Amino acid sequence: MIEQAGEGVAAAGAAAHAAQPVPEKAIESIGQQIAHTILHHVTNSNELELPFIGSVHLPHLELFGIDLSITKHVVMMWVVAVLLLLLFGLASRRRSLVPTGLANVLEAGVVFVRDEIAVKTLGEKDGRRLSPYLLTVFFFILFCNLLGLVPYGASATGNINVTGALALGTLVLVQVEGIRSHGFAKHFKHMIPGGLPAWLFPVSLLIFFLELLGFIVLKPFALMVRLFANMTAGHVAILAFISVTFALHQVAAAPLSIGFALFVSTLELLVALIQAYVFTILTSLFVGLTLHPAH
């Protein structure tokens, strides 16, 4: 990412060398080019940047008037899917009592999600049963987050459509598990507090609609926006720090701006892991609240 951003903002800084002091229009032009560069790297597009090749235009697909075009973030999700299949396939190829190397690292992640997230929030039986879904969500989000820190890569989780689809998956899982465990009527009846007198029925009805709004809208919305905002903000911060040198037209600012960019990139590694963990544990907690409403 740093290499790409450097190439993009270098063009923005070229105009600053023409005259001293820098004219106001030139400063405005540099700012616009830097903003365009940052937006280009954090937004989705129909072009994919490849090393030694340049920009490759992705095919446009349309079905019954619906745009199904392959975009940069779609390609990144495909890359993540292939990486996960390859890594877990290689790790499980040689099974041993004491795993080593790649198998040991992946097993640590699997055991952590299963024991510390699924089992602790859902119980032994439901935790082990739903662990495959939670593991898929955790590793998919983690790899999507990390891919944005690789040169020529992009974070698909920085696309609100992707995070919205993941949140929708959580919403469907919560409702399906609640109905499967309690039945359709009882699942929604749990949203109404019991033991209230008849004259408080309007209050009970209001509470029901508020609970329904929380389960169907607010909780998935929080999952969607939290992941999207954190991943987008991190990449914008990195690119903004890199652009400081060109915006100030001072070569002496390069070590400082690059240093800050590297520092934020290191934090992004931690944020990538934390956001995958937060999304997974909140999904597990929401399902747990549905399966065990008394708690």
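Can you tell me which residue in region 40-95 is surrounded by the fewest Cβ atoms within 10 Å (Cβ to Cβ), limited to those that are outside any helix (DSSP H, G or I), of a type in the set (Gly, Ala, Ser) and out of contact with any strand residue (DSSP E or B) (no Cβ under 6 Å at 6 or more places or on another chain)?
Here is the first cut: in region 40-95, the ones outside any helix (DSSP H, G or I) are 43-71, 92-95.
Right, trim to of a type in the set (Gly, Ala, Ser) and you get 45, 54-55, 65, 69, 92.
Adding the requirement that they be out of contact with any strand residue (DSSP E or B) (no Cβ under 6 Å at 6 or more places or on another chain) leaves 45, 54, 65, 69, 92.
Numbers: 45: 16, 54: 9, 65: 5, 69: 11, 92: 12.
The selected residue is 65.
The rows are residues; the columns are (1) within 23 Å of the chain's Cα centre (by Cα); (2) without any contact (Cβ under 8 Å) to a residue 60 or more places away in the chain.
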residue: 79; (1), (2): yes, no
residue: 85; (1), (2): yes, yes
residue: 93; (1), (2): no, yes
residue: 96; (1), (2): no, yes
residue: 102; (1), (2): no, yes
residue: 106; (1), (2): yes, yes
residue: 110; (1), (2): yes, yes
residue: 126; (1), (2): no, no
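In this structure, is residue 230 of a type in the set (S, T, N, Q), open to solvent by 70 Å² or more (accessible area, probe 1.4 Å) and closer than 30 Å to residue 75 by Cβ? Talk me through it step by step, then tell me what you get.
Values: of a type in the set (S, T, N, Q): yes; open to solvent by 70 Å² or more (accessible area, probe 1.4 Å): no; closer than 30 Å to residue 75 by Cβ: yes.
It is false that residue 230 is of a type in the set (S, T, N, Q), open to solvent by 70 Å² or more (accessible area, probe 1.4 Å) and closer than 30 Å to residue 75 by Cβ.
For the subset of region 203-230 comprising residues that are of a type in the set (D, E, K, R) and more than 27 Å from residue 149 (Cβ to Cβ), which member is nearest to the chain's Cα centre (by Cα)? First the steps, then the outcome.
Kept after step one, since they are of a type in the set (D, E, K, R), are these residues of region 203-230: 211, 219, 226.
Retained after the next criterion (residues that are more than 27 Å from residue 149 (Cβ to Cβ)): 211, 219.
On the way: 211: 26, 219: 16 Å.
Among them, the one singled out is 219.
Collect the residues in region 149-167 that are within 10 Å of the chain's Cα centre (by Cα) and either farther than 21 Å from residue 217 by Cα or of a type in the set (Phe, Trp, Tyr) (or both), keeping them in residue-number order.
Once the filter is applied, which keeps residues that are within 10 Å of the chain's Cα centre (by Cα) and either farther than 21 Å from residue 217 by Cα or of a type in the set (Phe, Trp, Tyr) (or both), region 149-167 yields 155, 156.
Just the residues that are surrounded by fewer than 21 Cβ atoms within 10 Å (Cβ to Cβ) and hydrophobic (A, V, I, L, M, F, W, C), please, taken from region 113-134.
Residue satisfying the conditions is 119 alone.
Residue 112 - would you say it is more than 25 Å from residue 216 (Cβ to Cβ) and not in a loop (DSSP other than H, G, I, E, B)? Spell out the reasoning first.
Numbers: more than 25 Å from residue 216 (Cβ to Cβ): yes; not in a loop (DSSP other than H, G, I, E, B): yes.
For residue 112, the condition - more than 25 Å from residue 216 (Cβ to Cβ) and not in a loop (DSSP other than H, G, I, E, B) - is met.
The values are calculated or read from the model by the stated rules, or taken from the named source; none is laboratory data. Because the structure is predicted, anything quoted here is derived from the model rather than measured. Cβ: placed from backbone, ideal geometry, glycine included. Neighbour counts: every protein chain shown. Ligands, DNA and RNA are stripped out before the accessible areas are found, and what is left, the full protein with its side chains, is counted by its heavy atoms. Shrake-Rupley method; radii C 1.70, N 1.55, O 1.52, S 1.80 Å.
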